[in-house]
1. Do the conditions hold for residue 159, that is, is it touching a residue at least 12 places away in the same chain (Cβ under 8 Å), within 26 Å of the chain's Cα centre (by Cα) and not assigned by TED's automatic domain parsing to the domain that holds residue 203?
2. If you scan the stretch 137-165, which residues turn out to be under 25 Å from residue 86 (Cα atoms) and outside any helix (DSSP H, G or I)?
3. So is residue 78 out of contact with any helix residue (DSSP H, G or I) (no Cβ under 8 Å at 6 or more places or on another chain), crowded, with 16+ Cβ neighbours inside 10 Å and modelled with pLDDT under 95 or not?
4. Across the stretch 97-113, which residue is nearest to residue 166 (Cα to Cα) among those that are assigned to a helix (DSSP H, G or I) and within 28 Å of the chain's Cα centre (by Cα)?
5. For the structure I just gave you, tell me whether residue 142 is at positive phi and exposed (fewer than 14 other Cβ atoms within 10 Å of the Cβ).
């Protein structure tokens with residue numbers, strides 16, 4: 001197929017005389033059905049932009065296809081290796097000494113650094129003194145410990161701790177949902193299923209309501 005060139009002018013001259021007459025016109029071309037036709041400047045810019053965007057998209061997609069899978073999260077996710085078996089097991093510290101709001105709030109609560117330093121100002125930590133030093137470093141810098149949350153239900157589910165833990169409500173032990181934490185070192189993963197069927201079975205066994213609005217509101 002032979003292409004023929006047809007000369008054309010853009011409708012927007014770039015320079016004008018003092019009298020307002022155009023001094024020059026810019027020539028552009030475009031290919032249409034085997035023929036080069038005059039192309040106005042705005043369309044030149046739009047076409048160039050479209051081609052560049054399409055090329056960039058194709059390049060990104062090709063790179064994504066060849067890229068390796070994202071790295072898996074490591075198991076040691078906590079900033080301090082807090083051993084539950086030492087605190088809740090060996091020394092039999094009550095869960096609510098640290099998780100102070102479990103019986104009166106939706107959330108169990110995370111102890112402030114000051115609560116930890118109440119003991120570890122004196123206690124060096126004979127088993128893992130380097131972890132206690134991390135705690136003291138947070139205290140000296142005046143920073144909260146960025147604990148990583150492990151136990152979490154879906155966003156559309158409400159789990160009010162006080163209705164399960166309080167003596168005049170469910171009066172459940174923490175182990176019912178969290179497992180035998182007093183035997184676990186650093187908690188790195190959820191040991192319970194935390195699924196709807198598991199919760200509904202527990203409600204039925206304890207003659208609690210299974211109405212949808214109990215958990216979904």
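1. no
2. Result: 143, 144, 145, 146, 147, 148, 149, 150, 151, 152.
3. Considered against the rule, which asks whether it is out of contact with any helix residue (DSSP H, G or I) (no Cβ under 8 Å at 6 or more places or on another chain), crowded, with 16+ Cβ neighbours inside 10 Å and modelled with pLDDT under 95, residue 78 comes out as yes.
4. Among those that are assigned to a helix (DSSP H, G or I) and within 28 Å of the chain's Cα centre (by Cα), it is 98.
5. The answer is yes for residue 142.
The values are calculated or read from the model by the stated rules, or taken from the named source; none is laboratory data. All figures in this text were calculated on a predicted structure; none of them were measured in a lab. Backbone-built Cβ (ideal geometry, glycine too); neighbour counts: all protein chains shown.
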